[in-house]
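Data first, discussion second: the structure below is written as structure tokens.
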Amino acid sequence: MRILLGHNYYQQFGGEDAVFTDEAVLLESKGDEVYRYTKSNESFESLSNLDKIKSLLHLGWSKKAYRETREIIRRFKPDIAHFHNIYYLLTPSVYDACYDEGIPVVQSLHNFRMF
């Protein structure tokens with residue numbers, strides 16, 4: 001099976017990060033093909049103040065993440081996508097990209113942020 005795994009790492013490594021990594025390793029060890037689509041909140045540290053403000057405008061939906069996800073799907077051709085943490089850089093736009101490409105989505109909820 002071809003699986004697109006998506007995760008947005010926190011600035012400090014935590015439980016969700018470990019689960020994402022362990023899942024990828026387990027799936028690969030069982031012969032599945034895994035594409036890890038990741039971002040890291042650490043990237044905010046290198047932004048200028050103006051770019052930090054601009055990034056706030058894309059917290060709800062990211063054109064960049066949408067385009068990247070569709071591109072990954074077209075190249076990798078996954079059977080399914082499994083997302084863990086999507087905030088702040090992936091955003092729900094990754095769901096739209098999967099829907100538009102006909103890829104089913106699984107979302108693991110590790111906390112209540114989505115509510």
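Considering only residues that are open to solvent by 50 Å² or more (accessible area, probe 1.4 Å), touching a residue at least 60 places away in the same chain (Cβ under 8 Å) and of a type outside the set (Asp, Glu), which ones fall in the range 78-101?
Scanning the range 78-101 gives a single hit, Tyr88.
Would you confirm whether or not the range 1-16 contains a residue that is open to solvent by less than 80 Å² (accessible area, probe 1.4 Å) and assigned to a helix (DSSP H, G or I)?
Yes.
Could you count how many residues in the range 33-43 are open to solvent by 40 Å² or more (accessible area, probe 1.4 Å) and out of contact with any Pro (no Cβ under 7 Å at 6 or more places or on another chain)?
Residues meeting the conditions: 6.
Go through Leu27, Leu4 for me and flag whichever is of a type in the set (A, V, I, L, M), over 24 Å from Asp96 (Cβ atoms) and in contact with a strand residue (DSSP E or B) (Cβ under 7 Å, 6 or more places away or on another chain).
Exactly one residue qualifies, and that residue is Leu27.
Can you list residue pairs whose Cβ atoms sit under 6 Å apart, with the first residue in the range 55-77 being within 15 Å of Cys98 (Cβ to Cβ) and the second being modelled with pLDDT of 95 or more and aromatic (Phe, Trp, Tyr)? Count only pairs 6 or more apart in sequence or on different chains.
Qualifying pairs under 6 Å: Ile72/Tyr37; Phe76/Tyr35.
Sort out which residues of the range 48-104 are hydroxyl-bearing (Ser, Thr, Tyr), closer than 23 Å to Arg2 by Cα and outside any helix (DSSP H, G or I), and write them in order of number.
Within the range 48-104, the subset hydroxyl-bearing (Ser, Thr, Tyr) is 48, 55, 62, 66, 69, 87-88, 91, 93, 95, 99.
Remaining after also requiring closer than 23 Å to Arg2 by Cα: 66, 69, 91, 93, 95, 99.
Once the filter is applied, which keeps residues that are hydroxyl-bearing (Ser, Thr, Tyr), closer than 23 Å to Arg2 by Cα and outside any helix (DSSP H, G or I), the range 48-104 yields only Thr91.
Out of Val19, Val25, report the one residue that is aliphatic (A, V, I, L, M), without any contact (Cβ under 8 Å) to a residue 24 or more places away in the chain and open to solvent by 40 Å² or more (accessible area, probe 1.4 Å).
One residue alone meets the criteria, Val25.
The values are calculated or read from the model by the stated rules, or taken from the named source; none is laboratory data. Everything numeric here is computed off the predicted structure, so don't read it as measured data. Neighbour counts run over all protein chains shown; Cβ positions are idealised from the backbone, glycine included. We work out accessible area using only protein heavy atoms, side chains counted, and drop any ligands, DNA or RNA first. Shrake-Rupley method; radii C 1.70, N 1.55, O 1.52, S 1.80 Å.
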